[in-house]
Amino acid sequence: MKKFFIPISTAILFLLLLWGLIEIDGNRSYLVEFVEIPYDDLEGWASDQQALALIAFQKSCTALLSQPAHRKLSPENIGGRVQDWHKPCRAAEKLTGSTNHEARAFFEQYFTAFSYSQETEGLFTGYFAPEYNGSLKPTDEYRYPLYMVPASLKVLDLGKFSSALKGKTIVGEVQNGEFVPFKDRKNIDSGGLDNLNLEVVWLKDPADSFFMHIQGSGVIRYEDGQRQLFGYAGKNGRAYHSIGKFLIENGAITRKNMSMQSIRVWITENPRQAEALMWKNPSYVFFQPLDKLAPVGSMNVMLTAGRSLAVDREYVPLGMPIWLDLTPSLEAADPIRRLVIAQDTGGAIKGRVRADIYWGVGEDAGLVAGSMKERGRYYFLLPKNLALRISPESEKPW
């Protein structure tokens with residue numbers, strides 16, 4: 001009997017066709033990664049305060065419209081090019097003082113909502129800009145500095161060496177003629193940057209400095225009552241490690257009780273162990289003074305409390321409106337269902353469905369952000385002309 005062998009690649013393609021993961025027409029084939037979602041299916045959409053999201057989106061449009069029209073927005077499959085955002089941004093520019101109803105109608109007119117077709121749920125946390133006492137000069141009371149970016153820190157664009165590495169960078173410094181990783185947190189805390197005049201402000205407590213690094217920005221209140229925002233300027237390139245995870249693994253704090261506030265209490269109650277704990281996170285952030293009192297995100301626009309979102313740029317383009325539907329981690333809390341705008345990134349924000357909501361400046365914002373660890377999903381709002389290119393329904397000839 002004659003035997004027939006089917007190549008593995010052909011067999012895999014056949015299985016994908018059976019599962020409905022790939023659709024083919026006469027001209028093209030593609031992975032069906034997203035599904036279109038009617039606005040009526042977004043629970044809470046009709047009652048959200050979209051006017052606040054519109055204000056945040058208008059800030060993003062200022063940044064988008066300043067870029068070359070043909071520039072790609074990563075990831076290109078849902079980010080497209082800057083020109084794909086021109087129509088909704090031009091329309092948004094003309095809107096002032098919009099009501100929630102008018103803002104809702106704007107997003108429905110210019111955007112189509114999509115969801116991942118599978119693996120749709122992930123983790124959502126919160127962040128904020130803390131406010132601490134500080135001094136421009138070191139004293140017996142203020143002994144813990146925040147640093148500006150050292151001149152010795154170099155960021156290499158690996159895309160210059162290979163097109164396969166486009167968008168990838170590596171951070172380090174030159175020592176004895178060799179490019180090596182930059183100093184880690186332990187090295188810097190132990191004096192690795194002393195006597196270089198890199199200090200931009202001095203804080204009272206090492207925990208204040210550490211949490212400024214975690215949040216990426218903060219407001220410093222001087223003794224004369226003046227307040228100054230310090231924002232993210234760069235980092236040492238080391239991987240971010242969550243100290244909360246170490247505390248859970250060691251049984252110091254239960255997973256249920258884990259929050260920024262509980263970590264702070266543990267650090268205060270265990271000063272001798274606190275330094276070693278903080279050194280478990282080798283990532284280190286450098287700061288710069290800013291002439292405003294609202295933090296600026298990775299998109300280089302001022303963040304909007306409750307409406308700006310930090311995302312992983314590998315999966316979500318900056319500037320994109322996103323509908324959140326989150327299940328509260330606390331029984332008494334309400335679900336979080338609102339429209340936000342992707343405007344920031346974060347060292348701990350990695351993954352397909354992973355994001356951080358910005359809640360504002362100060363203690364009240366910290367109480368909301370510090371305890372947040374919700375599970376949920378998000379929905380992408382794509383400009384309609386871009387949505388037509390990724391929607392399987394729009395490609396079918398019938």
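A helix-only calculation puts the chain at -7500 deg cm²/dmol for mean residue ellipticity at 222 nm, using -39500 (n - 2.57) for each DSSP H run of at least four residues, averaged over all residues.
An oblate overall shape is assigned to segment 154-264, the ratio a/c of its alpha-carbon gyration tensor axes (a ≥ b ≥ c) being 1.5 or greater and a/b not exceeding b/c.
Does anyone have the angle between helix 100-110 and the longest principal axis of the chain? Alpha-carbon axes, 0 to 90°, nearest 10? Once rounded, the angle reads 50 degrees. Of all DSSP beta bridges in the chain, what percent run antiparallel (nearest 5)? Counting only bridges with both partners in the chain, antiparallel ones make up about 80 percent.
Of the peptides 33-44, 142-153, the order by per-residue mean of other Cβ atoms within 10 Å, starting with the highest, comes out as 142-153, 33-44. If the cut-off is 16 Å between C-alpha atoms, which aspartates and glutamates fall inside it for LYS87, apart from same-chain ones fewer than 8 positions away? Leaving aside aspartates and glutamates fewer than 8 places away in the same chain, those within reach of LYS87 are GLU108.
For segment 229-383, a simple Cβ point-charge model (Lys and Arg +1, Asp and Glu -1, everything else neutral) yields a dipole of about 420 debye relative to the Cα centre.
Here's the list of aspartates and glutamates a cross-link from LYS280 could span, going by alpha-carbon distance under 17 Å and ignoring same-chain residues fewer than 8 apart: ASP184, ASP189, ASP208, GLU249. Taking 0.36 nm per residue of separation and subtracting the Cα-Cα distance, full extension of the segment from LYS168 to LYS154 would add 3.7 nm.
Evaluated with a Cβ-only charge set (Lys, Arg +1; Asp, Glu -1), segment 221-312 carries a dipole of roughly 260 debye about its Cα centre, given to the nearest 20. In the chain, a dipole from Cβ-located charges (positive for Lys and Arg, negative for Asp and Glu) runs towards its positive end, and of PRO317, ALA276, GLY191 it is PRO317 whose Cα lies farthest in that direction.
Each other residue within a Cβ distance under 15 Å of THR254 adds +1 if Lys or Arg and -1 if Asp or Glu, for a net charge of +3.
So which aspartates and glutamates can LYS72 reach, going by Cα to Cα under 18 Å and dropping same-chain residues fewer than 8 places off? Output for LYS72: ASP84, ASP157, ASP312, GLU314, ASP344.
Within a Cβ distance under 9 Å of MET302, other residues only, what is the Lys/Arg minus Asp/Glu net charge? Net of charged neighbours comes to +2.
Each peptide among 247-260, 182-195 gets the average number of other Cβ atoms lying within 10 Å of its residues, and from highest to lowest they stand as 182-195, 247-260. Computed about its Cα centre, the charge dipole of the chain is approximately 1120 debye, with only Lys, Arg, Asp and Glu carrying charge at their Cβ. Our note on the geometry: Cα centres of segment 42-91 and segment 275-300, 26 Å apart.
Values quoted throughout were computed directly from the atomic coordinates according to the rules given, and no laboratory measurement underlies them. These numbers were taken from a predicted model, which means no experiment stands behind them. Counting neighbours? That spans all protein chains shown, and the Cβs are built from the backbone with ideal geometry, glycine included.
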